[in-house]
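First the structure, in the form of structure tokens, and then the observations on it.
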Amino acid sequence: MRHAGFTWHDGALLAQGLAVSLGLFAGTFLIGLVLGSGAAVVRHFRVPALGTLLHTGLELLRNSPVLVQLFLVFFGVPALIHQPLTPVFAAGLTLSANTAAFVYFIAVAGLDAVGRDQVEAARAFGLSRVQLVRHILGPQALAFAVAPLVGLAVNQLQVTSLVSVIGVVDLTKAGDILNLRTLRPFAVWAMVGVLYFAAAKTLTLLGNRWERRLRAHAAPLGL
Amino acid sequence: MMAVEGVVKRFGAHTVLDGVSLTVAPGEVVTILGSSGSGKSTLIRCINGLEALDGGRITVDGLDVSDPRQLARARRLSATVFQMFNLYPHMTVLRNITLAPELVLRRPRDEVEAQAHALLASVGLAGKADSYPGQLSGGQRQRVGICRALAMNPRYLLLDEVTSALDPEMTAEVLAILGKLAARQSGGGGTTMLFVTHEVEFARRISTRIVFLDQGRLIVDLPTDQFFAADGGLAHPRIRQFLSKMAPAAPLAEIPA
């Protein structure tokens, strides 16, 4: 007999799917953050060849759909290397690189927004390039970049839903499974939507708190 | 000794410094005068390595600033106070002062912080250590800028139009501090100052020597009293013209002689 009602088991399935989505998001966003900002620093110091190479690669990633990138990695790369990739690996790779591309352009803008005077003061006082990035450029660029980064994070969290297409059992895939069994699409997709919303909202709140801390030195204008 | 030898600096087709030579010996307070665009600030920026030279040579205690390694060592001997303060806005006043001594001179944090507090107290900012630069007035910011430079215990202090962005009252605050500093240094062994300014009367009181830049050329280099003598600097028409156009002296009452 077909079992069409909701059970406790379904809750566990959704919770597991949510955990996969959040884990995939957290991991790939972190990797993207490191790679993207690293590339931005390379670009900022006008490292010849490497800077241009990174810029071109990341621009390609930013200007093509994530789904296409996902298919390219999951179906295209194995055909090339004659070696299958697991869905989770392909998803992790694609989302990390895609996040890096968006982080890169935000970080470049953030670094450019730091005044020349800051670099000159630090250099005149003898700070090395590494010290300059760590103590002067990095923190100030981050204060400029944090708002767009929080926006990006919320977006990338939702983009993880695409990985369900290649068979990763994330929150969307869990919803899909549930929907097929219960045939109650409105209830299922509303529930899945609420879970994504809750995760994104939490992320925004955390981001805003972080932004307030980073911008503590710049009191808001009381206009 | 800081030695500038035949320095040439161009921005595109425009020659900003056209064979400038100047030496500043330990204990001297040398003022660079000249109208805007004469190359004064560029000269300071060449000495602390912020501009690459197109000709000539600059050495600080024998270290050639065109060589990156020697420049790094030269920068530990000098400190700059900037026209627009250039404080780090995301750091507290205290951290602004202690950052370079800790990172560049590798001095222990306790010692540097104690010095920073003492310096802040000496410029009347004892209570501002934990404020951010954005919470201070322009005059207070520049006083922090001076503390930041002095915390490097520099042999050479480079001052680039440090009062140009300040109103007369704040200018007086800052000049009072520099006046005290120059008076203390004249005993010898202390900080040597190279001072770009438009405050002619102040320059007259604190400088041991005054040089005059005009369109990228150093046209006069004289001890202060001779610079203002009728048969010295004033004999030069360009300098007479410059001095006659300067505004009356800033309030000097608070500046110790």
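Just so you know, all these numbers are worked out from the coordinates, no wet-lab data involved. Treat the numbers as computed from the prediction; the structure is a model and nothing was measured. A quick note on method: Cβ atoms are made from the backbone with ideal geometry, for glycine too, and the neighbour counts reach across all protein chains shown.
The angle between the Cα long axis of helix A:138-159 and the main principal axis of chain A comes to about 20°, on a 0 to 90 degree scale. The residues packed around residue A:187, meaning those with a beta-carbon under 13 Å from its beta-carbon, carry a net charge of +1 if Lys and Arg are +1 and Asp and Glu are -1.
When you filter the trypsin sites (Lys or Arg not before Pro) in the stretch B:70-143 for DSSP loop state and at most 16 other Cβ atoms inside 10 Å of their Cβ, you are left with B:106. Around the amide H of residue B:217, modelled in the peptide plane, lie the amide H atoms of B:18, all under 5 Å away and 5 or more residues distant in sequence or on another chain. For a distance above 26 Å, tell me the whole-number percent of Cα pairs in the stretch A:25-157 that qualify. Taking all Cα-Cα pairs of the stretch A:25-157, the fraction more than 26 Å apart is 30 percent.
Couplings for the stretch B:28-37, taken from phi via the Karplus curve 6.51 cos²θ - 1.76 cosθ + 1.60 with θ = phi - 60°, read 7, 10, 9, 9, 9, 9, x, 6, 4, x Hz in order; Gly and Pro are left as x.
Only helices enter this figure: runs of n ≥ 4 DSSP H residues, each worth -39500 (n - 2.57), summed and divided by the residues of the protein assembly as shown, yield -17000 deg cm²/dmol at 222 nm to the nearest 500. When chain A is treated as a GNM, springs tying every alpha-carbon pair under 10 Å, which of A:163, A:146, A:119 comes out with the largest mean-square fluctuation? Looking only at A:163, A:146, A:119, the biggest GNM fluctuation is shown by A:119. Looking at the stretch A:1-48, the trypsin sites (Lys or Arg not before Pro) that sit in a DSSP loop and have at most 13 other Cβ atoms within 10 Å of their own Cβ are A:2, A:46.
For the stretch B:48-64, take each phi angle, set θ = phi - 60°, evaluate the Karplus expression 6.51 cos²θ - 1.76 cosθ + 1.60, and give the result in whole Hz per residue in order, putting x for glycine and proline. Ordered by residue, 3J(HN,Hα) equals 8, x, 7, 10, 7, 7, 9, x, x, 8, 10, 10, 10, 6, x, 8, 7 Hz.
Highest mobility in the GNM of chain B, judged by mean-square fluctuation with C-alpha springs under 10 Å and restricted to B:78, B:38, B:122, is found for B:122.
When only alpha carbons are used to place a centre, the stretch A:151-198 and the stretch B:1-31 end up 68 Å from one another. Projecting the Cα positions of B:163, A:161, B:59 onto the charge dipole of the protein assembly as shown (unit charges on Cβ atoms of Lys, Arg, Asp and Glu, taken about the Cα centre) puts A:161 furthest along the positive direction. Listed values for the stretch B:197-213 are Karplus-derived 3J(HN,Hα) couplings in whole Hz (6.51 cos²θ - 1.76 cosθ + 1.60, θ = phi - 60°), namely 7, 10, 7, 5, 5, 5, 4, 4, 6, 9, 7, 8, 9, 10, 10, 10, 9, and x replaces Gly and Pro. Charges were assigned to the Cβ only: +1 to each Lys and Arg, -1 to each Asp and Glu. The resulting dipole of chain A about its Cα centre is roughly 300 debye. With Rh defined as the Kirkwood radius, the inverse of the mean 1/r over Cα pairs, the Rg/Rh of chain A is 1.07.
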